[in-house]
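The values are calculated or read from the model by the stated rules, or taken from the named source; none is laboratory data. Quick caveat: nothing in here was measured; it's all calculated off a predicted structure. Cβ placement follows ideal geometry from the backbone for every residue including glycine, while neighbour counts extend to all protein chains displayed.
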């Protein structure tokens, strides 16, 4: 009896099992829960209690359809859960993967240096010198988007790297216990700060925290401390970059203003919550509105994607900038408004497309989570995070996950063939 009581006390004091909660195999559930909360629950609450918006109601229905597709997709791709909490002590993968990391870090560093050298100004320096939020926003856009010629191509490659390839390389350095792992992680953090791009922090932090939790290299307290430090860091960057400040605390919340890009935040934390929770909802609702108002609800057949439009020979519909124009009242060559993959699927392929994209979303996430490499599996929650606020095609192509899928295919299919060929020729 005494031993049983001691065991019970241990279980009570143990707290949340981070390895189980953040296990890559649960990444598709993170996406499902995120979609349910952000695009089903919130629109329903706003529509019932505050504004009867037909586009919010439609968004909630589309999200439910996508969730049904994700549930089906999660049952299609099955595999050995080798990265479960019970088997989290996997030996580091072979150091033969060093070449992949070193080549990509070299290319990334070269691009970073070229962008710094060719820039008219650097956002972090302008922020420290007291530039206002509008000026900094224009400067960040010019720094990362308004380039021409070879620099335009380098910007595209840079976006691919910072979204997924470099975060994967950093986690891979931790997995192989490289001495470069901490310096490289700090360097990527500096890149994020120098550009004042908050998403780079999250792109690196999410897979690293997942990796540390599954390998049981971080305690609950350390996890909470690290998460708090991340939030403080994001708020610091918001404070440096500035935001649309407005005193809204003197009266009741104006819901119509809150559900628009015109909302003025009271503080950095207010802006952070509004930007992370409300803006994805608003962007998706406004995309449905623009599709209905400017295209009469006509299905676009993939024309919103540059890649699909090129392959099918149709003119591209730059929906992101059309929605930005709708929100801010003017066209911008650097302004984009991204919507969740659910809305992108609907405006291109209708209700059937929403269901099918839901299936593909789950399969894509599980392809990463079932990898034998914990570094690769740790990227699954990051893909889920991207899909909450961007298109599936955009996440795979523009955010670089196609590189990771290619690496998985190489390790699983091409490398065994090469190995067998070498063995046969040597004999």
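Being surrounded by 19 or more Cβ atoms within 10 Å (Cβ to Cβ), touching a helix residue (DSSP H, G or I) at 6+ places or on another chain (Cβ under 6 Å) and part of a loop (DSSP other than H, G, I, E, B) narrows it down to one of 345, 303, so name that one.
Checking each option against the conditions leaves just 303.
Pull up region 309-319, narrow it to residues that are in a helix (DSSP H, G or I) and more than 24 Å from the chain's Cα centre (by Cα), then point me to the one that is farthest from residue 399 (Cα to Cα).
Taking the candidates together, the pick is 312.
Please specify each residue of region 296-308 satisfying the condition of being over 15 Å from residue 392 (Cα atoms) and without any contact (Cβ under 8 Å) to a residue 24 or more places away in the chain.
Residues satisfying the conditions are 296, 297, 298.
Please determine whether any residue of region 80-91 is modelled with pLDDT of 90 or more and under 25 Å from residue 167 (Cα atoms).
no
What are the pairs, 6+ residues apart or on separate chains, where a residue within region 212-230 that is in contact (Cβ under 8 Å) with a residue 60 or more places away in the chain and on the phi > 0 side of the Ramachandran plot has its Cβ under 6 Å from a residue that is part of a helix (DSSP H, G or I) and surrounded by 13 or more Cβ atoms within 10 Å (Cβ to Cβ)?
Between residues of region 212-230 that are in contact (Cβ under 8 Å) with a residue 60 or more places away in the chain and on the phi > 0 side of the Ramachandran plot and residues that are part of a helix (DSSP H, G or I) and surrounded by 13 or more Cβ atoms within 10 Å (Cβ to Cβ), the close pairs are 216/19.
Determine which member of the set 166, 155, 134 is assigned to a helix (DSSP H, G or I) and modelled with pLDDT under 65.
From the options 166, 155, 134, the qualifying one is 134.
Yes/no per residue for (1) at pLDDT 65 or above; (2) closer than 26 Å to residue 27 by Cβ; (3) touching a helix residue (DSSP H, G or I) at 6+ places or on another chain (Cβ under 7 Å):
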position	(1), (2), (3)
195	yes, no, yes
217	yes, yes, no
227	yes, yes, no
234	yes, yes, yes
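Does residue 394 meet the test of being assigned to a helix (DSSP H, G or I), touching a helix residue (DSSP H, G or I) at 6+ places or on another chain (Cβ under 8 Å) and at pLDDT below 95? Lay out the reasoning, then the answer.
On the way: assigned to a helix (DSSP H, G or I): yes; touching a helix residue (DSSP H, G or I) at 6+ places or on another chain (Cβ under 8 Å): yes; at pLDDT below 95: yes.
Answer is yes for this residue.
As an exercise: evaluate residue 375 against (1) farther than 25 Å from residue 67 by Cβ; (2) modelled with pLDDT of 85 or more; (3) in a loop (DSSP other than H, G, I, E, B) and give the number of the one condition it does not meet.
(3)
For region 266-296, enumerate the residues that are more than 23 Å from residue 388 (Cα to Cα) and either touching a strand residue (DSSP E or B) at 6+ places or on another chain (Cβ under 7 Å) or not in a helix (DSSP H, G or I) (or both). Can you show your working first?
Of the residues in region 266-296, the ones more than 23 Å from residue 388 (Cα to Cα) are 266-267, 293-296.
266, 267, 296 - these are the residues of region 266-296 that are more than 23 Å from residue 388 (Cα to Cα) and either touching a strand residue (DSSP E or B) at 6+ places or on another chain (Cβ under 7 Å) or not in a helix (DSSP H, G or I) (or both).
Considering only residues that are closer than 15 Å to residue 320 by Cβ and without any contact (Cβ under 8 Å) to a residue 60 or more places away in the chain, which ones fall in region 380-398?
390, 392, 395, listed by residue number.
Given the criterion in a helix (DSSP H, G or I) and buried (at least 19 other Cβ atoms within 10 Å of the Cβ), identify the matching residue among 38, 61.
Values: 61 fails: buried (at least 19 other Cβ atoms within 10 Å of the Cβ).
None of the other options fit; the residue is 38.
What are the residues in region 110-131 that are in a helix (DSSP H, G or I) and either under 22 Å from the mean Cα position of the chain (by Cα) or at pLDDT below 70 (or both), if any? Even if it seems obvious, please write down each step before you answer.
So the first thing to find is which residues in region 110-131 are in a helix (DSSP H, G or I), and the list is 110-118, 123-128.
111, 112, 123, 124, 126, 127, 128, listed by residue number.
Could you list, in sequence order, all residues of region 266-278 that are over 19 Å from residue 230 (Cβ atoms) and surrounded by 18 or more Cβ atoms within 10 Å (Cβ to Cβ)?
Residue satisfying the conditions is 278 alone.
Considering every residue within region 320-329, establish whether at least one is buried (at least 24 other Cβ atoms within 10 Å of the Cβ) and part of a loop (DSSP other than H, G, I, E, B).
The answer is no, given that none of the residues of region 320-329 is buried (at least 24 other Cβ atoms within 10 Å of the Cβ) and part of a loop (DSSP other than H, G, I, E, B).
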